[in-house]
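Let me begin by presenting the structure, written as structure tokens, before commenting on it.
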Amino acid sequence: DRVVRLADVRKTYDLGGTVEALAGVSLALAAGSYTAVMGPSGSGKSTLLNLVGALDTPTEGRVTVAGHDVGRDSEAERAGIRGTEIGFVFQTFNLMPRLDAIENVALPLLFDDWPRERRRERTRELLSLVGLGDRRDHRPNELSGGQRQRVAIARALAPDPAVVLADEPTGNIDTETGAEIMGLLDDVNARGNTVLLVTHERTIAEHADRIVHIRDGLIESIEQLDGAGRNA
Ligand code: ADP
Ligand code: ADP
């Protein structure tokens with residue numbers, strides 16, 4: 001029941017010289033687990049997340065997500081994985097400005113051909129789940145930062161993905177709202193979703209069950225937590 005697996009993953013970028021962003025990383029995420037990746041700027045966090053998110057392919061080694069081999073799949077197949085198996089939550093929310101909250105959340109379901117009635121039902125459920133049942137027809141610019149991130153979390157959950165990826169999800173909101181957003185991510189994980197979180201903030205990482213510390217493209221250590229940070 002490992003929904004995500006990285007085996008001896010190397011990722012290099014060639015820009016005249018070669019940059020080794022990941023230098024041999026192996027990591028597995030069990031179904032329902034809650035993992036944070038911490039490391040200094042440039043250590044390879046975004047690269048790792050982009051590989052698990054099927055946005056990019058490894059130079060060497062293997063990345064599998066819900067049974068799909070990300071490195072061997074075509075671009076079209078990877079787009080399919082992103083649409084069905086992966087929920088993204090970004091630092092900058094990445095909502096569609098012209099669409100209201102309902103339409104933003106429903107967007108992933110359009111690509112996956114959900115019938116109209118089920119799509120509506122699911123979208124309502126998700127907006128209630130994130131506490132925005134009364135803001136359904138508001139556009140992003142009519143919502144606060146925290147509310148926008150709630151919409152983004154609802155959107156991430158829409159296709160019932162195998163894994164939810166969060167890249168610095170509290171990076172653009174104040175500390176108090178950030179704590180609320182992390183509480184919501186904790187709930188998402190408590191409902192059984194696998195969550196992978198990238199952050200450079202210790203207090204945020206402590207919401208997870210374990211922290212993977214990376215440096216210079218390598219896992220330096222893996223720290224198991226007791227979950228006490230969630231109530232901090
Ligand atoms: P982090 O997210 O921890 O800041 P990144 O994964 O973004 O680290 O970057 C790891 C290394 O790979 C850095 O040296 C960065 O400059 C380089 N890198 C990341 N993405 C690219 C890219 N698209 N092209 C070239 N170099 C990249
Ligand atoms: P953050 O650490 O805040 O996530 P990054 O510095 O990792 O931001 O970069 C954000 C984006 O830019 C990532 O998608 C990464 O792949 C890309 N990137 C990072 N470094 C480089 C680089 N040297 N050349 C090209 N793209 C890069």
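Suppose we keep only residues that are touching a Lys or Arg at 6+ places or on another chain (Cβ under 7 Å) and either of a type in the set (Gly, Ala, Ser) or away from ligand 2 (no atom under 16 Å from the Cβ) (or both) within the stretch 71-96. Which one would you say is nearest to Asp216 (Cα to Cα)? Working first, answer last.
The first filter runs over the stretch 71-96 and keeps only residues touching a Lys or Arg at 6+ places or on another chain (Cβ under 7 Å), leaving 71, 93, 95.
Still in the running and either of a type in the set (Gly, Ala, Ser) or away from ligand 2 (no atom under 16 Å from the Cβ) (or both): 71, 95.
Details: Gly71: 22, Leu95: 32 Å.
Per the stated criteria, the residue is Gly71.
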Where a residue in the stretch 47-66 is touching a residue at least 60 places away in the same chain (Cβ under 8 Å) and its partner, wherever it lies, is in a loop (DSSP other than H, G, I, E, B) and surrounded by fewer than 23 Cβ atoms within 10 Å (Cβ to Cβ), with Cβ under 6 Å and at least six apart: Val65/Glu85; Ala66/Glu85; Ala66/Ala162
So, Gly24, is that one over 27 Å from Met182 (Cβ atoms), away from ligand 2 (no atom under 16 Å from the Cβ) and in contact with a Lys or Arg (Cβ under 7 Å, 6 or more places away or on another chain) or not? yes
Assess whether Ala7 counts as being more than 10 Å from ligand 1 (Cβ to nearest atom), assigned to a helix (DSSP H, G or I) and over 16 Å from the mean Cα position of the chain (by Cα). no
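Okay, residues lined up against (1) more than 8 Å from ligand 1 (Cβ to nearest atom); (2) within 18 Å of Leu197 (Cβ to Cβ); (3) at pLDDT 95 or above:
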| residue | (1), (2), (3) |
| --- | --- |
| Thr12 | yes, no, yes |
| Gly17 | yes, no, no |
| Leu27 | yes, yes, yes |
| Ala30 | yes, yes, yes |
| Val37 | yes, yes, yes |
| Thr57 | yes, no, yes |
Restricting the stretch 207-228 to residues that are assigned to a loop (DSSP other than H, G, I, E, B) and touching a residue at least 60 places away in the same chain (Cβ under 8 Å), which is farthest from Asn189 (Cα to Cα)? Asp216
Would a scan of the stretch 45-63 turn up a residue that is closer than 20 Å to Val164 by Cα, within 19 Å of the chain's Cα centre (by Cα) and in a strand (DSSP E or B)? yes
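The values are calculated or read from the model by the stated rules, or taken from the named source; none is laboratory data. As the structure is a computational prediction, the values presented were derived from the model and not from experiment. Counting neighbours? That spans all protein chains shown, and the Cβs are built from the backbone with ideal geometry, glycine included.
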